[in-house]
Every structure is written in structure tokens, then in C-alpha cells.
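Remarks on the structure that follows.
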Amino acid sequence: MPAESHPETHIALPTFETLLLAYDGPVATVTLNRPQVLNALNFQVFSDLERIFTILAADPTVRAILLTGAGEKAFAAGADIKELALTDDASGERLALRGQGIFAAIETCGKPVIACINGFALGGGCELALACTLRIASETARLGQPEVKLGLIPGYGGSQRLPRLVGPSAALRLILTADMIPASEALRIGLVDEVVPAAALLDTARTLALKIAAQAPLAVAASMEAVRQGADLTLGEALALEARVFGRLSATDDKHEGVNAFLEKRSAIFVGK
């Protein structure tokens, strides 16, 4: 289906077969649009995600992104099982590497991406949520990594991002049992950041996105960069990284605007420079 039109302030977009796009000021909402198959992730979905996040990452008017699934039943129910059935060792590895690469691009796009989990987020769908910056779930959400039921492991980053987020034990319990847990349990273990009524999911996420979008965009991107990269460094290396990023931001127009606005007791106007 075609992307929704929007004023010329945003980059003109091609059409997407499996996604919908909407703008609300500085916030873009990307919706997986295959509700008839619970928004399962097939080859075309991956291609569309790759294209749309490349474009949104380059659009300076977009400062935050919401990612959700069409319908009330699913965020994304996982990989397309028919496609998985055709894989062997070589093609399976290629499939995993492709999914990992696209999810990494989402994780590192420089804009905060908020997963709005409405219903099932299973397998690749859960891994897609893990690649997002933040995760808000509806009370009806159900999350899990059931790949062992298929004789597989999570292949799109789940075996690595999940333990980094919730700890090795909680991650292994979820992966090894193939359990599907409710939103309340996902919140308890730290898999999601907030649980809200289904009717309030997008409004809650949009309010959060607009709050982030009001901040200095270079500082927002740099904060995500420092946290992400620092997680794999020693404390000393991570502190050195923090200092470098702090120094880089100190020379930006936005830093001068933010400091001057504070001293002049006015709202800052950030332009991302």
C-alpha cells in the first residue's frame, strides 16, 4: 500500500508493499501492515524496513520514530514459517545475517525508535522490538522467543540483545522454555519499559516521542551512541568515549543554543547542528 502523503517538509517517500507511514510533526509512525498473517516478517517486510529506516534516518525533520503493527492482535508474530522451511545451512545463515543487519540499522539509525507492542511479539517480532530504543506494551501484549520449538535459536539478534537487556538467566529461561509471557511479566524482567491499556498505547508512545523530539537531536543521537557503544567497553574505555562525545557536542550550535536559552530563561530552538 502507498505511504501516506505529507507536506513537503519531509523527504518524499516511495511506496511500501508491507508498511504504512504517517507523520505527526517530528514523529514518524511506521506500521507493519500484514494483519492477515499477524504481521509476520517475510523477505518483503525486511526489504521495506531497510528502505524506510534508511530514508527516515536521513530526514532531519524526523526526530523520533514509533514502530507498531496493524490490527489489535500482533506487533509481529515472527518470521514467515514457509520461508524458514526452505532454508538449509548456507541459506539459513544468510537469512539470519540479513535480519541482523536490518535490525542493527534500526538500532543505530540515530533516531530513538519506540516499539509499540500491541498483541503478539514472538520470535523475529520480539527481536525487532529488542532492536528498538524503548518498548511500550499494551496490557494484551504477549512476548516470547519460541525458536527452539522449530529446532532453531533466535537468529535476528535475540540470543544477544535479550540477555544484555534482562540478564542471562531470564533470557535463557525465555529462550529455552519457548514460553510466551504476558506484558506484566515482560515489565517485571525489564523486557519492556511500560505497560498501558491497549487503547492508550499509541498516545502514550507519541507523548514520549514528542518529549524526546523536543530535546537537542544531536545530543539525543549521541546519548544513544554512548550508551550502546559503552556497553561493550571497560569502564575506563567507556568514560573516555563519553568524554570524546561530550567534547564533540560542546562545539555544536545546539549546545550554544541550549546554554544560552537556559541563561536567558527561554525555550531552546534546536536545529540539529
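Any read-out appearing in this document is the output of simple, stated calculations on the displayed coordinates, not a laboratory observation. Predicted model only: the values in this text are computed from it and were never measured. Methodologically, a virtual Cβ is constructed for each residue, glycine included, from the backbone with ideal geometry; neighbour enumeration extends over all protein chains shown.
Some points to look at:
- Within a Gaussian network of the chain (alpha carbon springs, distance under 10 Å), most fluctuating of 190, 157, 144: 190
- Aspartates and glutamates whose Cα lies under 18 Å from that of residue 273, excluding same-chain neighbours fewer than 8 positions away: 59, 225, 253, 254, 257
- Shape category assigned to segment 19-213 from the gyration tensor of Cα positions, a/c cut at 1.5: oblate
- Residue 117 long-range amide H proximity, modeled H, under 5 Å: 136, 137, 138
- Residue 253/residue 58 FRET efficiency (R0 25 Å; Cβ-Cβ; nearest 0.05): 0.80
- Applying the Karplus relation 6.51 cos²θ - 1.76 cosθ + 1.60 with θ = phi - 60° to segment 40-53 yields 3J(HN,Hα) values of 4, 8, 10, 4, 5, 4, 4, 4, 5, 4, 4, 5, 5, 6 Hz, where x marks Gly and Pro.
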